[in-house]
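The values are calculated or read from the model by the stated rules, or taken from the named source; none is laboratory data. From a predicted model like this one, the values you see are computed outputs, not experimental measurements. Here the Cβ positions follow ideal geometry from the backbone for every residue, glycine too, while neighbour counts run over all protein chains shown.
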Amino acid sequence: MLALPASTCAFGAVITMKRKRGQKPLWVRESAANTIARLLELAEQDDDHSKRYVSLARSISKKYNVPIPADKKRFICKKCDSILRVGKTLEVRVSRGFLVYKCKPCGAVRRYKLEKGD
Ligand SMILES: [Zn+2]
């Protein structure tokens, strides 16, 4: 397969140029990605409204099928849309070869497999 030209949006997520069936045009996805990046930026700065910003970013991500970058996604609670900060709203521990992330406000738990060398 040919290497497709890719565009890099604000947070470095790569969106391929080729448009699949049912997918929104590139400029729409690019604009969605930029909005998501901006909203996540705002969420990190503004503690009072961070949940609203995160929930907007997530709904845009779902509607336009634009992924939230993995490094940011890890620090967003799926259950209550909080921004997770180690020590403040996030509890990290290691258990049976897994990294366990616990959201302090709602108690949701996510596990990530520990790779060798981590
Ligand atoms: Zn939570």
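Structure values in brief
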read-out: Selection within region 31-59 - within 14 Å of the chain's Cα centre (by Cα) and either more than 15 Å from residue 75 (Cα to Cα) or assigned by TED's automatic domain parsing to the domain that holds residue 89 (or both); value: 32, 33, 34, 35, 38, 56, 59
read-out: Number of the exception - residue 58 against (1) surrounded by 17 or more Cβ atoms within 10 Å (Cβ to Cβ); (2) in a strand (DSSP E or B); value: (2)
